[in-house]
Each structure stands twice: as structure tokens, then as C-alpha cells.
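Data block below; observations after.
The values are calculated or read from the model by the stated rules, or taken from the named source; none is laboratory data. Remember, it's a predicted structure, so these values are computed and weren't measured experimentally. Please note: Cβ atoms are built from the backbone with ideal geometry, for glycine as well, and neighbour counts cover all protein chains shown. Accessible surface is based on the protein model in full, side chains and every heavy atom, while ligands, DNA and RNA are left aside. Shrake-Rupley method; radii C 1.70, N 1.55, O 1.52, S 1.80 Å.
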Amino acid sequence: MWFSLAVLLLASCCLVDVTHAEETKENTMSASRLASVRSRRMVGGMLAPHVPWQAMIYLSDNVVTGGYAGGALISDRWILTAGRNLFVRKTRQDTQGQNPVIPKVYLGIRGLPEATEAKQVAVEKIVLHPGFQNHTDWDNDLALIKLKEPVVINDKVTPIPLPEANQHTLIGPGVITGWGWGHLLTASESLKHMTLPLAPVSSCRYEFTESNTTVVDGNVFCTRPAPFDQNVCFGDAGGALAVIDDNTGDVYAQGILSYDKPCRRQRYAVYMKVSAYLPWIHSVIRGDTEGSAALRVSVMKRMYSL
């Protein structure tokens, strides 16, 4: 898994090197040639190697009827994704009172042509975050998908870890992968990746406060564009922003992409900060019921008193 992410980071670093070399030639390029180079770069991302934790959350081929997006395999039975990915129409106005759509889920693929029955995994249930879209379209934009059977872990299908207790501090840059829209406003059939730097919280908060789009609080963080304004776009939501802890070498999912609308129009993408949601994620994976916490406390108190 570390090797896979390292390959992604290396490839993205190579893009920066190539970009720098091209910049040194700008003075000798014609205006039209330079515009052409930048246009290609702004499509967003490079073809990704095989990313074993990447899941495809599929409702349809057409964005009008739900489209397809990303998710992150976090164990042999669970996938973490953006809650909005599980609705055809994704605004709060449209989802309130509606049940999420049970999607088709594919693992171990790099593109839509590989989304065959052999790569499909059956879904047992969906658990939306209880605060999903409380006030805006982007509040608590998370869902857990439980698979009917454990997947076989191998070099094609491998979970990405969640942050440990000592990994709550944000680090960057991170690598995001997805099938999001390109400059032709169509979803990519091949998995792409890019390395995105973290954005200052103050700048990100100011932009979204001004636009009244979403709330940038302690449960989220933002990234800014890569060189030549490459950025995430529609359909990338649900993908994990993967990072490497320089101190330990650990690879983990720092965030799950929620606000995937920057494209060329806006600067900042917004992610659900995984570390802020660990209590909820662990409670769902444990299978807690409403009375589980109280039951545990009661049992412990009795044992302490003996």
C-alpha cells in the first residue's frame, strides 16, 4: 500500500518537474502553443497506477441519473464515501426524507470499462452520518457502505487505514484519485490522480463564508489547486485524500472529498476530516445500537464495584 501511494506521489512530482521545465521555455513558445499546453494541463490529473483502496460507487453512466463517483475501502467489509454519492439528486432539498440508493460497487478497477460483474461486490446496507445535510448540502457528508461478504485482500484490493489517535494534525500535500469530469464536462473513464497542497483554513473559510456555500469548521479541511490550476471536479467526491506520515511512514486517509465543484471556477475543495469522525465510524463498524454505550458503562461499573 505504501508503495502504491509512493508511486502516485512520485508521478505527481514528475508532473511538477515537467511543468517547471516547460515554464523555462515559455519565452520561446508562441502564445497559441503555450495556451495549448496549459489547456491540456488544466484537464486535471494524470492517469493513476492501480490504487487498491479505490472504490467506484456507481448509480448510472449519466450524471443526470446519479452518475458514478469514488469511495475508499477501509476494511474488508466497509467502504467510506460521501453521502451525496448515494442520491440521484444531491441537494439537501431533494434528499430530505429520502432513502439513499443502493449503488453498484466495484473494487480493483482503474476505469469504467473494467466495471464488470466479476469486479462488483454486493452491498448489505448503507449508514448515512446522522447529521448528514443538517443545515447545508455539505454538512457531515459521509456514509459507510457495508458489504455482504468480506473481500479478499490482495495487491489489487487493499484497505487504506484511518488515522491513528496521534495523527489528528493535518499534513500535506495529499494525493486524490477519481473519475471526475474533465474540461469536456464528461466523466473520465480512466482513474486519474493529482497531488494537492493544503489550503490555509482562514482563506478557505473566507471564500465559503462569502459565497454562503458551506461551513468550514473543525470537521473539514481544504486543498488548493495544483500547478496550472488543476483541481478536483464533479464526480471525484468520495475519494480519499491519502497522505504519508513522514515520521512513521504510515499511509492513511486524511479526508474524504465532499465539495468537488472547484473544477476551473473555484480554488478550494472541501474534505470531511476523517479524524473528526472516528468515533462515529468505529461505532458503526462495531455494530453499536442505541443502548450499547450505556450497557458498556453499566457492566464496567458493576465490575469496578466487585
Checklist entry - Yes or no: Lys156 surrounded by fewer than 24 Cβ atoms within 10 Å (Cβ to Cβ), over 18 Å from the mean Cα position of the chain (by Cα) and touching a residue at least 40 places away in the same chain (Cβ under 8 Å)? => result yes
Checklist outcome for this item: Residue pairs within 6 Å by beta carbon, gap of at least six or interchain, first lying in segment 123-145 and at positive phi and surrounded by 18 or more Cβ atoms within 10 Å (Cβ to Cβ), second among the hydrophobic types (A, V, I, L, M, F, W, C) and in a loop (DSSP other than H, G, I, E, B), listed first then second, are Asn140/Phe132
Item to check | Flag if Pro161 is of a type outside the set (Ser, Thr, Tyr), within 17 Å of Lys273 (Cβ to Cβ) and surrounded by fewer than 21 Cβ atoms within 10 Å (Cβ to Cβ) | outcome: yes
Item to check | Among the residues listed as Gly249, Gly174, the single one being of a type in the set (Gly, Ala, Ser), modelled with pLDDT of 90 or more and touching a Gly at 6+ places or on another chain (Cβ under 8 Å) | outcome: Gly174
Next on the checklist: Looking at segment 198-207, can you tell me whether even one residue there is of a type in the set (Val, Ile, Thr) and either more than 21 Å from Ile57 (Cβ to Cβ) or touching a Lys or Arg at 6+ places or on another chain (Cβ under 9 Å) (or both)?
Outcome noted: yes
Checklist entry - Considering only residues of segment 131-150 that are in contact with a strand residue (DSSP E or B) (Cβ under 6 Å, 6 or more places away or on another chain) and either under 30 Å from Ala118 (Cβ atoms) or hydrophobic (A, V, I, L, M, F, W, C) (or both), which is modelled with the lowest pLDDT? => result Trp138
Checklist outcome for this item: Result of the Cβ filter at 8 Å on segment 79-105, keeping first residues that are touching a residue at least 60 places away in the same chain (Cβ under 8 Å) and partners that are of a type outside the set (Phe, Trp, Tyr) and assigned to a helix (DSSP H, G or I), at least 6 apart or interchain, is Leu80/Val274; Leu80/Ile281; Arg84/Thr95
Checklist outcome for this item: Considering residues that are under 30 Å from Ala69 (Cα atoms) and open to solvent by less than 70 Å² (accessible area, probe 1.4 Å), the number found within segment 254-306 is 29
Next on the checklist: Give me the residue from segment 243-285 that is touching a Ser or Thr at 6+ places or on another chain (Cβ under 9 Å) and either free of Cβ contacts under 8 Å to residues at least 12 places away in the same chain or assigned to a helix (DSSP H, G or I) (or both) and, out of that set, nearest to Thr214 (Cα to Cα).
Outcome noted: Ser275
Checklist entry - Across segment 89-100, which residue is farthest from Gly235 (Cα to Cα) among those that are under 19 Å from the mean Cα position of the chain (by Cα) and crowded, with 16+ Cβ neighbours inside 10 Å? => result Pro100
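So that you can scan it fast, the table gives a plain yes or no per residue for (1) buried (at least 21 other Cβ atoms within 10 Å of the Cβ); (2) assigned to a loop (DSSP other than H, G, I, E, B); (3) hydrophobic (A, V, I, L, M, F, W, C):
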{"residue": "Met194", "(1), (2), (3)": "yes, no, yes"}
{"residue": "Ser203", "(1), (2), (3)": "no, no, no"}
{"residue": "Val215", "(1), (2), (3)": "no, yes, yes"}
{"residue": "Pro225", "(1), (2), (3)": "yes, yes, no"}
{"residue": "Cys233", "(1), (2), (3)": "yes, yes, yes"}
Checklist entry - Among the residues of segment 67-79, is there at least one that is open to solvent by less than 50 Å² (accessible area, probe 1.4 Å), more than 21 Å from Gly111 (Cβ to Cβ), at pLDDT 95 or above and aromatic (Phe, Trp, Tyr)? => result yes
Checklist outcome for this item: If we ask which residues in segment 47-66 are open to solvent by 20 Å² or more (accessible area, probe 1.4 Å), assigned to a loop (DSSP other than H, G, I, E, B) and within 16 Å of Lys104 (Cβ to Cβ), their number turns out to be 3
